[in-house]
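K.L.:
This is the structure I have questions about; it appears just below.
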Amino acid sequence: MSIAIPLWITHPACTRHEMGAGHPESIERLHAIHDRMIASGLLPMFRQATAPLASRESLVRVHEPRLVDFLLAARPQPGSYQRIDGDTAMNAHSAEAAQAAAGAVVLGVDEVLAGKTRFAFCAVRPPGHHAERRRAMGFCLFDNVAVGAAHALASGLERVAVLDFDVHYGNGTSDIFRDDPRVLVCNTYQDPYYPGWVSDPLQLHIVDAPLRAGDGSEAFRAAVDSRWAPAIDAFQPQLILVSAGFDAHGQDPLAGLDLVFDDFSWIGSRIRQWADRHASGRVVATLEGGYDLFALARSVESFVRPFTV
């Protein structure tokens, strides 16, 4: 099997997790992405795989055991919910979906490290980058990308980069790796905005590139090139993981940035260049935000396309 064939990872449980009528982080997000990938002709270019459920061992590398055990044990009755915070809830399928979302990134890491592919996209939910070591929050239960990064380190890598271009700051990932310089964490995000995270400037392996409401392509690309690029080239990651959030698109209802589809194609191309330069081409991306269904689906298509050529 040629390693040029990218990998698409998902799990049926990810379309059964839901947090109540009208919640923006909805089942329809994955349906819209799947339909667009079919219509665009891209999905047949991917090898497809079902995510395994992340093991407790992999989860407690990044989360307090008490939090992991609480979330795994939560099994609300059909039609009822376990409230986590004002924005986040669990139904009867949420624990399995969260394990699958984290397990997808673990599988993606295993596949790229084994040389079976160079690019994996995890079409999963719930998202993960707001889940901190000690608490779930912000639509997120487990920090999926952090679980994958910790798994890569446990597999023998010494330097892993996490690149996060969601409109909301990836506070969970920064919290988990704040004292681990083996992980470079780079964020672009709208500031000030949820979750209001402020990094410690002494943590040189956490690189923030804040944007202001109304910022669009020029500001986004300048922030990536001026803040991310030097840090990535200096760090020379052996693997790049991506928290791929698409809610910075101008049509998204939950934010105020003004990116367009071409910006997600551009950042995909930049990430591929960094991966080819430093990481033997190895990239694993996982879905984070994006809540206008049309914009989300087209943005995912734009982001993954550079990895298919």
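K.L.:
What residue, among those in the range 268-309 that are out of contact with any His (no Cβ under 8 Å at 6 or more places or on another chain) and among the charged types (D, E, K, R), is surrounded by the most Cβ atoms within 10 Å (Cβ to Cβ)?
P.N.:
ARG282
K.L.:
Which count do you get for residues in the range 203-220 that are touching a strand residue (DSSP E or B) at 6+ places or on another chain (Cβ under 8 Å), closer than 20 Å to LEU184 by Cα and not in a helix (DSSP H, G or I)?
P.N.:
Counting residues in the range 203-220 that are touching a strand residue (DSSP E or B) at 6+ places or on another chain (Cβ under 8 Å), closer than 20 Å to LEU184 by Cα and not in a helix (DSSP H, G or I) gives 7.
K.L.:
Looking for whichever is of a type outside the set (Gly, Ala, Ser), under 22 Å from ALA297 (Cα atoms) and at pLDDT 95 or above here; the options are VAL112, VAL167. Which one fits?
P.N.:
The conditions single out VAL167.
K.L.:
Let me ask something else. From the list GLY196, GLY245, GLY216, which residue is at pLDDT below 95 and either under 23 Å from LEU287 (Cα atoms) or surrounded by 22 or more Cβ atoms within 10 Å (Cβ to Cβ) (or both)?
P.N.:
Just one listed residue meets the conditions, GLY196.
K.L.:
Of the numbered conditions (1) β-branched (Val, Ile, Thr); (2) within 25 Å of GLU57 (Cβ to Cβ); (3) part of a loop (DSSP other than H, G, I, E, B), VAL147 fails exactly one; give the number of that condition.
P.N.:
Failed condition: (3).
The values are calculated or read from the model by the stated rules, or taken from the named source; none is laboratory data. Keep in mind it's a predicted model, so treat the numbers as computed, not measured. Every residue, glycine among them, receives a Cβ derived from its backbone with ideal geometry; neighbour counts consider all protein chains shown.
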